[in-house]
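Just below is one structure, and these are the notes that go with it.
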Amino acid sequence: MWDILVAIFPYAIIYTIPMLAAALGGVYCERSGVTNLGLEGLMTIGFFCSALVIKHYAPYFYANYPEGSFMFSTMPAILGVVAAMAGGAIFSLLHAFASINLKADQIISGTAINMLATALTVYFARTITGSGNIRIIQGIIPRNIPLLHKIPIIGPLLFTKSYWSSWLVIIILLLSWVLLYKTSFGLRLRACGEHPHAVASAGVNVYHMRYFGVLMSGALSGLGGACMLLTYANEFNGGVAGLGFLAIAALIFGQWKPFGILGATFFFGFATTIANVSQVIPQLQTIPTIALKTFPFVVTLIALVIFSKTSAAPRADGQPF
Amino acid sequence: MKKTNKEKLDFLNAFQKKDSLLVSLSAVLLGLVAGLILMFLIGENGFSGYNYLIRGATMNSRRIGDTLATSTILIFAGLSFAFADKAGLFNIGISGQILAGGFLASVFALHVVLPRPIMLILLILIGFLGGAIWGLIPGFLKAKFNVHEVVSTIMMNWIAYWSVYSLVPLWIESPQLQTESMAVPSDFTFRADWISKVFGGSNQINMTLVLVIVTVIALKYILDKTTLGFELKAVGSNRYCAEYAGIKVNRDVMLSMMISGGIAGLAGIAYYLGYSDRIQIGVMPNVGFDGIAVALLGNNNPVAVLFSGIFFGILQSGKGFMNANMEIPPEIGDTIIAIIIYFIATSILFKNFWGKIFKRKEEKLEIEIEKSKEEK
């Protein structure tokens, strides 16, 4: 059993991280009072931008730097991550403008973002490569963390063959917790999602706060898309297969709290991994595929029912100011 | 006879009342312009792009038949969304309901042998039932536990997706391909020689086209002429007010989601037992999301949904021909649809824009009317 756990744990982590990044973006957005159903689309944009930039610029680094050097193996990925975050943030402006300035129906705007992102990225991808898939030569190379990977139990689970992108997301998660709960800025941001008029009367510009929230959701969803490309996808193929929607479910499951969503996304990541590897693990073969595959979604529905009584949803979530 | 200023003013006022039509038309226009820009952006002539797109969808009666077959599914999906939206529910789970209805009906058609007319009627009922169950669950969760229907219907989408993924190989796997179901015998699908002949031998057009028109009329009647329709609209415009007026809001929420899901189930039979004759696994029917676009463009009015469904059907079905003749990726169709939806979401822009123009005109006319009165 331990061997199986060690074997599948890295996969559980790389499935978790993209969702975690997007859901964390959702925390910023919804805490500031804007519902964002467009996480799926914003992830797709990040997925696309990182693939495009890496495909375009990686050959330059491969040609000019020795194999194995930092510039050769890591720089393209860094560029990809930056491009994904920038792309996601810029695209999220569409949602910000509609829902903050125009007081549009945020769910419709989010739906439009999703449809637009999927269609537009494939449209351009096809123009560039013909098939619509953008393959990158190399993602992030997983490494053991020095010293830490020798710690018993957690060493093999967490610090062996880990990707730096995963650690980046975890660090952003910790910083976000500090920002949201330990600073006055975070307090104001959260208050914008609870009672914007009170915050406004205290002299805070609610529009700016909400723009910040939406832009963060764009940047972090983009980061999620890049993580997906650089760890397990290795090519842009038209969409993120519902991960963004799962991130929204995780956001509610995790009750709009940074560590809550860490637990929720890890649950999804782990359950997905188990369903994916069930074919090769004898102990799991007795369980019907349908049960394994639908498990995370059914549990989410049940969790939603349980949490419905004590929902911690931001009170002004989705309401124009 | 020349129109008097008073008549002109009345006309303006009447026209302005139709502002939802004006918003939809403005959004379509801007969407098409954006599509034009996107085509020029990749170095292609956008005008000939549209030319091929329209010709691909309407060049001859066979192509019109194919377009209408696509439209049929879109209209069903649009009606499904519109019906729930009337009661204030955002049904984003149409894809799952399409799968549920289509899968259940396909399983039935592949396992039971009955005379064709009875079979087809049963398939309609089963398709409706499958979708209705899939819609009822989120409706129930919404009514009983106040679980937001957006999240629960998305979960139901994936449950349907993976259920079909695992059950097709178990129950109705095709002997040739592991990724799809057996083909349903043509006697048990909605395809028919007579309708195919009408449309120049199109093999996608099928009798669900008739069913969709019946559904449009039925929904129009339910929403405009029955107590249920009135109640649903009351729940949609103000839930608490409706409750205060004695309407059983929870029951109506469940009923609305159930009927909405049922209509999506009909889209499922139109898709898997008409347009196609088999289910491919691992494919989420995107038409469920397009249905949102169809309904929003039609402002949730069943008759308008019919037209917006045909319009989107042209975009969807002509893109293949365009792609075959020019270097424009077929996704331009989906892009235009998405842009139209974004412009509908931001419709307040147009409302303000047209409002200003109308106001200016009106003021001018009013001044002229005043002047002519003084002269008298």
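Please treat every number below as a calculation from the coordinates, not as lab data. Owing to the predicted nature of the structure, the values given are computational and were not obtained by experimental measurement. Virtual Cβ from ideal backbone geometry, glycine too; neighbours counted across all protein chains shown.
Between the C-alpha center of region B:71-120 and that of region A:81-139 there is a gap of 30 Å. Kirkwood radius, region B:54-330, all distinct C-alpha pairs, inverse of mean reciprocal distance: 18.8 Å. How many percent of the alpha carbon pairs in the protein assembly as shown exceed a separation of 37 Å? When every Cα pair of the protein assembly as shown is considered, 41 percent fall beyond 37 Å. Taking B:Asn157, B:Asn206, B:Asn250 in turn, the Gaussian network model of chain B (Cα-Cα springs below 10 Å) assigns the largest fluctuation to B:Asn250. Going Cα to Cα from A:Lys150, which lysines come in below 20 Å? Please leave out same-chain ones fewer than 8 positions away. Partners found: A:Lys161. Binning all Cα-Cα separations of region B:16-170 at 5 Å, short to long from zero, yields these whole-percent fractions: 2, 8, 11, 13, 14, 14, 14, 12, 8, 4, 1, 0. Whole-Hz Karplus values for region A:205-212 come out as 7, 4, 4, 4, 4, 5, 4, 4 Hz, taken residue by residue from phi with 6.51 cos²θ - 1.76 cosθ + 1.60 and θ = phi - 60°; glycine and proline positions read x.
Rule-of-thumb check for region B:221-295: C-alpha Rg over 2.2 N^0.38 Å?
Numbers: Rg = 16.2 Å, N = 75, 2.2 N^0.38 = 11.3 Å.
This ratio for region B:221-295 stands at 1.43.
Report summary: the helix-based calculation at 222 nm, which adds -39500 (n - 2.57) for every DSSP H run with n ≥ 4 and divides by the residues of chain B, gives -25500 deg cm²/dmol. If I build a Gaussian network model for chain B, linking alpha-carbon pairs within less than 10 angstrom, which residue out of B:Gly139, B:Gly288, B:Gly246 has the largest mean-square fluctuation? Looking only at B:Gly139, B:Gly288, B:Gly246, the biggest GNM fluctuation is shown by B:Gly246.
Over 30 Å between Cα atoms: which of A:Lys257/B:Lys142; A:Lys103/B:Lys142; A:Lys182/B:Lys142; B:Lys142/B:Lys225; A:Lys182/B:Lys144 fall into that group?
Numbers: A:Lys257/B:Lys142 23 Å; A:Lys103/B:Lys142 25 Å; A:Lys182/B:Lys142 35 Å; B:Lys142/B:Lys225 26 Å; A:Lys182/B:Lys144 37 Å.
Exceeds cut-off: A:Lys182/B:Lys142; A:Lys182/B:Lys144.
Mind sorting A:Cys227, A:Cys192 by how few other Cβ atoms lie within 10 Å of their own Cβ, fewest first? Present the calculation step by step, with values, prior to reporting the outcome.
Values: A:Cys227 33, A:Cys192 29.
Sorted ascending by nearby Cβ count, the order is A:Cys192, A:Cys227.
Counting pairs of alpha carbon atoms under 8 Å apart in space and at least six apart in sequence, what relative contact order in percent does region B:54-330 give? Working shown, then result.
Numbers: 550 pairs, mean separation 115.7, N = 277.
Over region B:54-330, the number comes to 42 percent.
Diagonalise the Cα gyration tensor of region B:50-134 and give the resulting equivalent ellipsoid semi-axes, square root of 5 times each eigenvalue, largest first, whole Å.
On the way: eigenvalues 150, 96, 19 Å².
Whole-Å semi-axes of the equivalent ellipsoid: 27, 22, 10.
Remark: region A:139-263 is approximated by an ellipsoid whose semi-axes, taken from the C-alpha gyration tensor as √(5λ), come to 33, 19, 13 Å, largest first.
Using every alpha carbon pair in region A:13-80, what percent of pairs falls into each 10 Å bin from 0 up to the bin containing the largest distance? It works out to 19, 35, 27, 15, 4, in whole percents. Inter-part distance, region B:177-232 to region A:155-179, computed on C-alpha centroids, equals 52 Å. For the Cα trace of region A:2-310, dividing Rg by the Kirkwood Rh returns an Rg/Rh value of 0.98. Its DSSP H runs of at least 4 residues, each contributing -39,500 (n - 2.57), put the calculated 222 nm mean residue ellipticity of chain A at -22500 deg cm²/dmol, to the nearest 500.
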